[in-house]
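The values are calculated or read from the model by the stated rules, or taken from the named source; none is laboratory data. The structure presented is a predicted model; accordingly, all values stated were derived computationally and were not measured. Cβ coordinates were reconstructed from backbone atoms using ideal geometry, including for glycine residues, and neighbour counts include every protein chain displayed. Calculation scope for accessible area: heavy atoms of the full protein, side chains included, ligands and nucleic acids excluded. Shrake-Rupley method; radii C 1.70, N 1.55, O 1.52, S 1.80 Å.
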Amino acid sequence: MRKKISRIFGNIVKKEYPSFLQHFINKCYVNYFNIDLSDFKDYKEYKSLLELFTRRLVKERKLPSSEFISPCDGCILSYGVSSDFKAFSIKNKEYDIIELLGFKPNKQMNFLNIYLSPKDYHNYHSPCNMQILSARYFCAELFSVNLKALSLHENLYSRNERVVLECLSDGKSKFYMVFVGAVNVGKMEFDFDTSIKTNMPNGADFLKEYDNVYLQKGQMLGRFLMGSTILILSSDFSFDVNEGKISFADEIKIIK
């Protein structure tokens, strides 16, 4: 039922209303979520609520010289190293990495969870110079992944619809980026492969492998069509970060 409701909601938010009404809707959304549009177009420039939600930057963000950056705006909820292939979504709430990825890794995984709230910029970018080896899609539930939902439910990320990208950093360090869907629209887009479709009627799990997909640090990777979470996991490096607000292009220190 959540998936059907999300598809209906998606049709509503992408509808283009008469300009005076759309301006009012956009302004209410911006004010309600206290959205900072200083790096974006004015709210009146967006022809639908979905267009506002998936807004593109108009002010370029300077990339640091560091190897790894945040792929998105959001909030780091948790990070660390797994135990018995369990990681924390937030304090005292776990998710199963084997179920999340669809296989059992050879080693315990270092993890980093970034939550994107409704006020955040919802495009995501390559966190480093990387090669994408595969994309695995899991057709599953669409629970909310906000803080309240995470505090109530175990294993929420592994129960939700998601896309897992298997990546190589400069051809050396392997890591996984997991894009977790959520209630309301529940769709994700990927610019390197527009054939990836999520929250579709009669959807099914799939695995796609790639030979020559390379992205530069900061390059546009795709977007959430309404908010959710990005998880980054690796056995080859760990994260030296702090919980709290983070923005696309901020440095994420990694330890190999």
| field | Residues being touching a helix residue (DSSP H, G or I) at 6+ places or on another chain (Cβ under 7 Å), part of a loop (DSSP other than H, G, I, E, B) and open to solvent by less than 40 Å² (accessible area, probe 1.4 Å) - total across the range 39-62 | value | 2
| query | Here are some conditions: (1) over 16 Å from N123 (Cβ atoms); (2) modelled with pLDDT of 90 or more. K41 meets all but one. Which one does it not meet? | reply | (1)
| request: Read through the list (1) assigned to a loop (DSSP other than H, G, I, E, B); (2) modelled with pLDDT under 95, then give the number of the only condition that Y29 fails. | output: (1)
| Mind checking which residues of the range 183-212 are on the phi < 0 side of the Ramachandran plot, more than 14 Å from the chain's Cα centre (by Cα) and not hydrophobic (A, V, I, L, M, F, W, C)? | D193, T194, S195, K197, P201, G203, D205, K208, E209, Y210, D211, N212
| task | Being of a type in the set (D, E) and either under 18 Å from the mean Cα position of the chain (by Cα) or assigned to a strand (DSSP E or B) (or both) is the filter here, so list the residues in the range 158-175 that pass it. | result | E161, E166
| said: Can you tell me which condition G171 does not meet? The list is (1) open to solvent by 30 Å² or more (accessible area, probe 1.4 Å); (2) more than 23 Å from I254 (Cβ to Cβ), and all the others hold. | reply: (2)
| said: Taking the condition of being outside any loop (DSSP other than H, G, I, E, B) and either more than 25 Å from V81 (Cβ to Cβ) or open to solvent by 50 Å² or more (accessible area, probe 1.4 Å) (or both), how many residues in the range 197-256 meet it? | reply: 17
